[in-house]
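The values are calculated or read from the model by the stated rules, or taken from the named source; none is laboratory data. Note that the coordinates shown come from a computational prediction; the quantities given were computed from them, not determined experimentally. Here the Cβ is made from the backbone with ideal geometry for all residues, glycine too, and neighbour counts use every protein chain on show. Keep in mind that these areas ignore ligands, DNA and RNA; they rest on the heavy atoms of the full protein, side chains included. Shrake-Rupley method; radii C 1.70, N 1.55, O 1.52, S 1.80 Å.
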Amino acid sequence: MRKTNRANIPAALLSLALLMIWQAAAMGIQAAYILPSPLQVILRLWELRRPLFSAHLPATMTVVVVGLVLSVFLGLGLAILMDCYPAAEKALYPLIIASQTIPTTALAPLFVLWFGYGLWSKVLVTVLMTFFPITITVFDGFRSVKTEMTDLLFTFGANKQQIFWKLKFPTILPYFFSAIKMAIPLSIIGAAIGEWLGAQNGLGYFSRRMMTQLDGAGVFAPILLLSVVAMILVGIISIIEKRVLTWRGQ
Amino acid sequence: MLTFQDVSFQYKTEDSPLINHLSFSINKGEFVSIIGPSGCGKSTIFRLVNGLLKSAGGEIFVDKTNIKSQKHYCGYMPQQDMLFPWRSVAENVRLPLEIQGDLSNPEMDLRANQALIAVGLEEWGEKSPQELSGGMRQRAAFARTLLTGSDLLLLDEPFSALDYLTRLTMREWLLKQWEQERKTVLFITHDVEEALFLSNRILVAQNAPITHLQSFDVPSGYPRSMQTLQQPEMFALKEQLISMLRRDKL
């Protein structure tokens with residue numbers, strides 16, 4: 001058995017145990033509109049596969065992708081700006097931290113008011129939730145660049161641009177991948193919150209609609225789908241990370 | 001080759017200067033070691049020469065030209081090898097050439113390969129620096145320093161992190177390299193025996209602030225071996241230097 005497979009055994013066993021507890025609890029309560037069992041959720045997911053996969057998942061993924069791309073640009077831009085200009089760091093850093101004290105769920109209806117039920121109100125919620133870990137983590141990456149290495153390049157006659165591409169960029173790459181792995185689940189949560197509070201389609205919207213119909217399994221089905229999508233995306237990023245950062249951990 | 005003319009320097013965080021009106025010179029092709037107690041400012045001298053620090057007063061000349069109007073005039077090798085883990089050994093070695101930007105990629109590869117042959121690492125160019133032993137990493141760092149193309153090499157305790165036996169091998173190796181290349185070497189070390197084994201001349205930095213460097217000619221020609229250190233005049237100089245440093249420490 002491969003080493004990685006063996007390392008996953010405890011997590012798999014714990015997940016199985018939790019699912020069994022959930023199944024037992026649901027069978028005990030006997031009220032699917034309050035707590036559907038995992039089997040009921042999977043069954044409902046299968047029954048609803050057409051609207052979920054053809055309409056609502058693509059709508060949510062559009063919000064996630066657009067939000068994530070904008071967050072990456074914004075996060076990287078802010079981190080680079082703060083690294084290049086200490087004055088920018090002093091001015092921006094407290095504001096970036098403060099932005100995370102704003103309760104996003106409370107702001108989301110306001111975004112709907114401003115931008116309507118279309119894409120951008122949800123994208124804004126997503127960006128607000130995801131740009132922060134990207135900015136802070138990548139900025140930490142910049143701070144981890146060894147002064148001695150910068151000094152060495154300087155003695156070779158390197159300019160700021162060369163120092164960025166030859167030293168800083170490779171140094172921040174592991175931090176960047178960590179940031180993306182953090183940002184993916186957050187962007188999915190952001191999109192779902194946005195859709196939950198005001199949308200015409202999307203998995204968050206669908207989940208809320210099922211709630212009004214007291215369809216417990218129907219509420220859980222899109223949530224389960226969101227979780228699986230988040231895990232798949234994080235898995236893909238982890239594979240890319242391993243391919244790109246072959247030197248990491250050596 | 002290198003001339004310090006009335007140079008003074010003070011760190012902003014300190015109350016008094018570390019270097020005060022210091023003057024000394026190094027001749028072309030010499031191997032000169034600087035020894036002195038920790039924190040006396042030996043490495044600061046290097047950082048003034050390679051431009052990482054700016055002197056508060058006085059002038060520094062390399063080849064009779066003020067360093068302020070020069071680029072690529074010295075090769076600097078810090079205490080740690082500073083090999084970038086995301087680059088192969090050969091890619092690390094060619095870094096100064098990439099920064100200078102005067103050569104094509106195949107020419108840079110050729111020069112890097114020649115430098116690796118010179119330091120006996122021709123088989124290791126494609127490997128990752130993590131696969132190299134401590135001594136091999138220092139040799140790779142030395143090859144990188146050679147490729148700065150400078151005639152003046154500043155070696156800042158390059159063997160201090162190595163074990164005793166590797167240090168012995170490395171000092172013999174360095175002497176051989178110097179005899180082949182005949183570059184001007186300024187070498188910082190805490191090890192009096194190492195300084196005696198390698199140098200034409202030893203400069204002793206005494207208590208801070210450094211106002212002068214006391215110069216001692218090493219009473220032996222080249223080639224040298226471990227037995228050279230057993231000669232009575234070498235032994236006498238070793239005793240003299242150690243007692244000077246001890247006095248400073250007390």
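Please compute the Kirkwood hydrodynamic radius over segment B:116-179, one decimal place, Å, based on all pairs of different Cα atoms.
About 12.3 Å for segment B:116-179.
Over the alpha-carbon set of segment A:112-250, work out the extent along each principal axis and list the three values in angstrom, largest first.
Principal-axis extents of the Cα atoms in segment A:112-250, largest first: 69, 36, 16 Å.
Please report the carbon-and-sulfur percent of the accessible area for the protein assembly as shown; probe 1.4 Å, protein heavy atoms only, DNA, RNA and ligands left out.
61 percent
Only sites in a loop by DSSP and with at most 16 other Cβ atoms within 10 Å count here; which trypsin sites (Lys or Arg not before Pro) in segment A:92-177 make the cut?
For trypsin sites (Lys or Arg not before Pro) across segment A:92-177 that sit outside H, G, I, E and B with at most 16 neighbouring Cβ atoms in 10 Å, the list reads A:K146.
Give me the compactness ratio for segment B:133-250, meaning the Cα radius of gyration over 2.2 N^0.38 Å.
After normalising by residue count via 2.2 N^0.38 Å, the value is 1.09.
Just need the Rg to Rh number for chain A, please, alpha carbons only, Kirkwood Rh.
1.06
Please give the charge dipole size of segment A:1-155, origin at the Cα centre, charges +1 on K and R Cβ atoms and -1 on D and E Cβ atoms. Round to the nearest 20 debye.
Using Cβ point charges on Lys, Arg, Asp and Glu, segment A:1-155 gives about 620 debye.
Rank these by accessible area, largest first, 1.4 Å probe: A:V244, A:V41.
A:V244, A:V41
Considering only C-alpha atoms, what is the centroid distance from segment B:110-133 to segment B:58-93, in Å?
19 Å
Of the GluC sites (Glu not before Pro) in segment B:117-204, which ones lie in a loop per DSSP and count no more than 11 other C-beta atoms within 10 Å?
B:E126
Over 24 Å between C-alpha atoms is what I'm after, so list which of A:K146/A:K166; B:K54/B:K176; B:K12/B:K238; A:K90/B:K42; A:K160/B:K64 land there.
B:K54/B:K176; B:K12/B:K238; A:K90/B:K42; A:K160/B:K64
Build a GNM of chain B with springs between Cα atoms under 10 Å: which of B:L83, B:L162, B:L103 gets the top mean-square fluctuation?
Sorting by GNM fluctuation, first place goes to B:L103.
When all C-alpha to C-alpha distances in the protein assembly as shown are sorted into bins of 20 Å, what percent of pairs does each bin hold, rounded to whole numbers?
Here the calculated profile for the protein assembly as shown is 18, 37, 24, 16, 4, 0.
Output needed for segment A:67-151: three equivalent-ellipsoid semi-axes, defined as square roots of 5 times the C-alpha gyration tensor eigenvalues, in descending order, whole Å.
Over the Cα atoms of segment A:67-151, the semi-axes work out to 30, 12, 9 Å.
Where is the GNM fluctuation largest for chain A (alpha-carbon springs, 10 angstrom cutoff): A:F154, A:F139, A:F164?
Of A:F154, A:F139, A:F164, the Gaussian network model singles out A:F154 as fluctuating most.
Counting only C-alpha contacts under 8 Å and six or more residues apart, can you give the relative contact order of segment A:38-244 as a whole percent?
The value is 29 percent.
Write down the radius of gyration of chain B and its Dmax, each obtained from C-alpha positions, in Å.
Answer for chain B, Rg first and Dmax second: 18.3, 56 Å.
Hey, if we sort A:D140, A:D215 by accessible area with the 1.4 Å probe, largest down, what's the order?
So, going from the largest accessible area down, we get A:D140, A:D215.
For chain B, what relative contact order do you get, as a whole percent, if you take Cα pairs closer than 8 Å and at least 6 residues apart?
Over chain B, the number comes to 27 percent.
Return a whole-number percent for the relative contact order of segment A:160-224, with Cα pairs under 8 Å and 6 or more residues apart as the contact set.
This gives 17 percent for segment A:160-224.
Please calculate the 1.4 Å probe accessible area of A:Y117, with all protein chains present, and give it to the nearest 10 Å².
130 Å²
Report the Cα centroid-to-centroid distance between segment B:179-250 and segment A:10-82 in angstrom, as an integer.
Cα centres, segment B:179-250 to segment A:10-82: 70 Å.
Choose one answer from B:Q214, B:Q180, B:Q79: the residue with the largest mean-square fluctuation in a GNM of chain B with alpha-carbon springs under 10 Å.
It is B:Q180.
Note down the accessible area of B:M136, probe 1.4 Å, to the nearest 10 Å².
30 Å²
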